[in-house]
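Report on the following structure.
The values are calculated or read from the model by the stated rules, or taken from the named source; none is laboratory data. It should be emphasised that the depicted structure is a prediction, and the values quoted were computed from it without experimental measurement. Positions of Cβ are backbone-derived with ideal geometry, glycine not excepted, and every protein chain shown enters the neighbour counts. We work out accessible area using only protein heavy atoms, side chains counted, and drop any ligands, DNA or RNA first. Shrake-Rupley method; radii C 1.70, N 1.55, O 1.52, S 1.80 Å.
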Amino acid sequence: MGELRALMRLHWPRWPWLLAGGLLMLAAVLAGFGLLALSGWFITATGLAGLAGTALDIYRPGAGIRFFAVGRAVTRYGERLVTHEAVLRLLADLRLRVFRGIMGLSLPRLAALRSGDTLSRLTADVDALDQFYLRILAPVATALLGLTVAGIVLALFAPAAALAVIACILVAALVTAWISGRMARGPGREVVQQGSRVREQAVTSLESLAELRIYGADTLASRRFRSLAATYEGNQRALARMAGLTQATGTLATLLALWTAAVLMVPLVRADALSGPGFALVLLGTLALMELLVPLPLAAQALPRTLRAARRILSVTPEHPGDTGHRAAPGDGTLVLERVAFTATTGAGRLFTRVDLRVTPGDRIAVSGPSGAGKSTLISLAIGAQAPDGGQVLLGGDPVAHLRPEDAGLRAAWLPQRTMVFAATVAENLLMAAPGTTDDALWTALHAVALDTTVARLPEGLETPVGAAGRALSGGEARRLCLARTLLQPAPILLLDEPTRGLDDSTARDVLNRLGRAAGNRAVLMVTHDPDLLPAGFTRYTLSRGRLHPVV
C-alpha cells in the first residue's frame with residue numbers, strides 16, 4: 001500500500017492531463033457501448049417493422065448511431081493523444097526526479113550502486129511505471145464507471161437481466177484478476193529484477209570486453225549472459241501466456257453473461273414485457289462490455305511488476321526532496337581522524353584498529369604501505385564515501401557523516417583511484433570543478449600537473465574533444481587531467497589517491513614538485529605506492545597492521 005500511495009503522489013502533479021485522458025477513455029468505451037446497443041435495437045426494429053408493414057422513424061436512431069460512431073473515433077483518438085502525452089510528461093518528470101535523487105544519495109550509497117543497475121532504474125524501471133496509469137489506474141476506474149452507466153441503461157429495459165449481467169461480469173473480473181495477479185506475482189517481480197541484471201551484465205561485459213578477449217573469457221561471459229537472458233525471456237513468456245489466458249477467460253465470461261441475459265429475457269419477450277428491439281439492445285450492449293472486462297486481469301498482472309519498479313525507484317528517490325540550494329561553509333580546512341576503526345566488506349577482516357591523524361592547512365602528508373593495507377580506504381573514510389565502524393572523522397570541523405556529498409565536496413577535493421574523463425573537450429572536463437574559470441586559470445592548473453605543453457600541441461588546444469573515457473589521451477595524461485580538475489575545485493583540503501599512477505618516475509617527480517607549490521596553503525593528504533618520489537616537505541606515514549606509523 002505504501003508504494004501505491006507514493007505512486008499516486010508521483011502522478012498528482014499531472015492530474016489535469018490524467019483526468020482528461022481518463023474521461024476520454026470512459027467516453028470512448030461508452031460510445032462503443034451505445035453504438036453496439038443502439039445498432040442492435042435499430043436493426044431489429046427495422047426488421048420487425050418491415051415484417052409487420054408498419055412505419056418506423058429511422059432518422060433519430062440513425063442520427064444516434066452516427067453520433068456514437070463518430071464520437072467513438074474522436075474520443076478514442078483524443079484519448080490516445082492525451083493519455084500518452086500525460087504519461088510521457090509524467091515519465092520525463094519522474095526520470096528527472098530519479099536522477100536528482102541518485103545525485104543526492106550519500107557517497108556510501110552511491111558507491112554501492114552499479115552502473116547497469118543505475119541505468120536500469122533510470123530507464124526500464126521508470127518506463128515500467130507508465131503501466132500504472134495506462135494499464136491499472138485508468139482501466140480500472142473506467143471499468144467501474146462504465147459498468148455503472150451501462151448497468152443503469154440496461155436496467156431501463158430489463159432490470160433482472162441487467163443485474164445478472166453486471167454481477168456475472170464483476171464476479172468473473174474479480175476472480176480472474178485475483179488468479180492472474182497471484183500467478184503473475186512471482187514472474188512480474190522477477191522480470192523487473194532480472195531485467196536490471198541483464199542490463200547490468202550487458203554494461204559490465206561491454207566495458208570489460210577488451211580484458212575478456214585478452215584472457216579468453218568472452219565465451220564464458222557470453223554464456224552467462226545468454227543464460228540470464230533466457231531466464232528473463234522465460235518469465236516474459238510466462239506473463240504473455242497468462243495474459244492470453246486471462247483475455248480468453250474475459251471473453252468467455254462476457255459470453256456467459258450474454259447467455260444468462262438471454263435466458264432471463266426470453267420469458268419477458270414472451271409475456272410482451274420486453275420488445276424484440278429491447279432484447280437485441282440488451283444482448284449487444286452486454287457484448288460491448290467485453291471492452292471493459294478484458295483490461296482488468298491485465299491490470300492485476302501488471303501490478304506486481306509496477307510495484308517492484310516503484311519500490312526500486314523510491315529507494316533512491318526521497319519522498320520529500322530537501323532544499324538542494326543551500327550550500328554549507330567550506331569549514332576550517334582541517335581533517336581529523338580519531339580512533340577510527342574499519343572492517344572490510346570483502347572478507348579481508350579489520351583494516352583499521354585505531355587510526356589517529358590530524359591534517360591542518362598547509363600540511364603535506366603522504367601515506368604509503370603495502371597493497372591491501374587500506375590506503376584508498378583511508379581516503380574514502382576521509383571524504384565520507386565509507387563509514388567507519390568506530391571513532392569519528394571530522395571534515396572542516398564537522399562529522400563527515402552529517403555532510404551531504406556536495407557539502408563534503410566544498411571542504412575537500414577528492415581524486416579517487418578510479419577517475420572519469422567525460423566525452424567532452426579538455427576545457428569542459430576542467431570546468432566541471434569550477435564553472436566560470438578563465439582560460440588562464442585552466443592553463444595554470446594544467447601547468448601544475450605538467451600537462452600544459454601536451455594540451456597546447458592538441459589540434460584545438462583547450463577546445464579539443466578527448467573522446468569517450470578520454471580515449472584521445474594516454475592513461476597518464478588522462479590521470480593528470482583529472483588531477484588538474486581536482487586542483488581547480490575550490491576546497492581547502494586535497495585528498496589524492498595515487499595521483500601519479502601511470503606516470504614514469506621522472507614525470508611523477510615533476511608533477512609532485514609542481515603539486516606541492518600549486519596547493520599553496522591548502523592541506524594535502526596523499527596516498528602513494530612510491531614514497532621515494534616525494535619531494536621535501538612531505539610528512540610521511542606508513543600504514544600497516546591497522547595503524548599509521550610516522551616515518552622518520
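Tabulated results
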read-out: Selected residue (criterion: nearest to Ala385 (Cα to Cα)) from residues of the range 414-439 that are hydroxyl-bearing (Ser, Thr, Tyr) and assigned to a loop (DSSP other than H, G, I, E, B); value: Thr419
read-out: Residue in the range 364-371 that is among the charged types (D, E, K, R), modelled with pLDDT of 85 or more and not in a strand (DSSP E or B) present; value: no
read-out: Tally, over the range 312-344, of residues that are modelled with pLDDT under 70, surrounded by fewer than 15 Cβ atoms within 10 Å (Cβ to Cβ) and within 30 Å of Arg121 (Cα to Cα); value: 10
read-out: Those residues of the range 15-54 which are more than 28 Å from Leu293 (Cα to Cα) and touching a helix residue (DSSP H, G or I) at 6+ places or on another chain (Cβ under 7 Å), in sequence order; value: Ala45, Leu48
read-out: Leading residue by the ranking (most open to solvent (accessible area, probe 1.4 Å)) among those in the range 263-301 that are in a helix (DSSP H, G or I) and without any contact (Cβ under 8 Å) to a residue 60 or more places away in the chain; value: Arg270
read-out: Candidate set from the range 200-225 (those that are of a type in the set (Val, Ile, Thr) and more than 21 Å from Ala124 (Cα to Cα)); member that is least open to solvent (accessible area, probe 1.4 Å); value: Thr219
read-out: Output for the range 407-447, where each listed residue is surrounded by 18 or more Cβ atoms within 10 Å (Cβ to Cβ) and of a type in the set (Lys, Arg); value: Arg411
read-out: Among residues of the range 360-400, those that are closer than 13 Å to Val340 by Cα and open to solvent by 30 Å² or more (accessible area, probe 1.4 Å), counted; value: 8
read-out: Evaluation of Thr249 against (1) open to solvent by less than 70 Å² (accessible area, probe 1.4 Å); (2) polar (S, T, N, Q); (3) free of Cβ contacts under 8 Å to residues at least 60 places away in the same chain (one fails), failing number; value: (3)
read-out: Single unsatisfied condition, Val192 versus (1) touching a helix residue (DSSP H, G or I) at 6+ places or on another chain (Cβ under 6 Å); (2) at pLDDT 80 or above; value: (2)
read-out: Residues satisfying the stated conditions in the range 226-242, i.e. crowded, with 16+ Cβ neighbours inside 10 Å and closer than 21 Å to Val175 by Cβ; value: Ala238, Leu239, Met242
read-out: Sole residue being open to solvent by 50 Å² or more (accessible area, probe 1.4 Å), aliphatic (A, V, I, L, M) and more than 21 Å from Ala373 (Cβ to Cβ), chosen from Ala478, Ala519, Ala536, Ala450; value: Ala536
read-out: For Met526: the one exception among (1) over 43 Å from the mean Cα position of the chain (by Cα); (2) at negative phi; value: (1)
read-out: Cβ-Cβ under 8 Å pairs, at least 6 apart or on other chains, the range 528-544 side in a loop (DSSP other than H, G, I, E, B), far side open to solvent by 70 Å² or more (accessible area, probe 1.4 Å) and among the acidic types (Asp, Glu); value: Asp530/Asp505
read-out: Residue within the range 505-513 that is in contact (Cβ under 8 Å) with a residue 12 or more places away in the chain and either under 27 Å from Val340 (Cβ atoms) or in a loop (DSSP other than H, G, I, E, B) (or both) present; value: yes
read-out: Criterion violated by Ala469 - all others in (1) open to solvent by 30 Å² or more (accessible area, probe 1.4 Å); (2) in a loop (DSSP other than H, G, I, E, B); (3) hydrophobic (A, V, I, L, M, F, W, C) satisfied; value: (2)
read-out: Tally, over the range 34-62, of residues that are assigned to a helix (DSSP H, G or I), open to solvent by 50 Å² or more (accessible area, probe 1.4 Å) and of a type in the set (A, V, I, L, M); value: 5
read-out: Whichever residue in the range 475-503 is of a type in the set (A, V, I, L, M) and part of a helix (DSSP H, G or I) and, among such residues, is nearest to Gly362 (Cα to Cα); value: Leu487
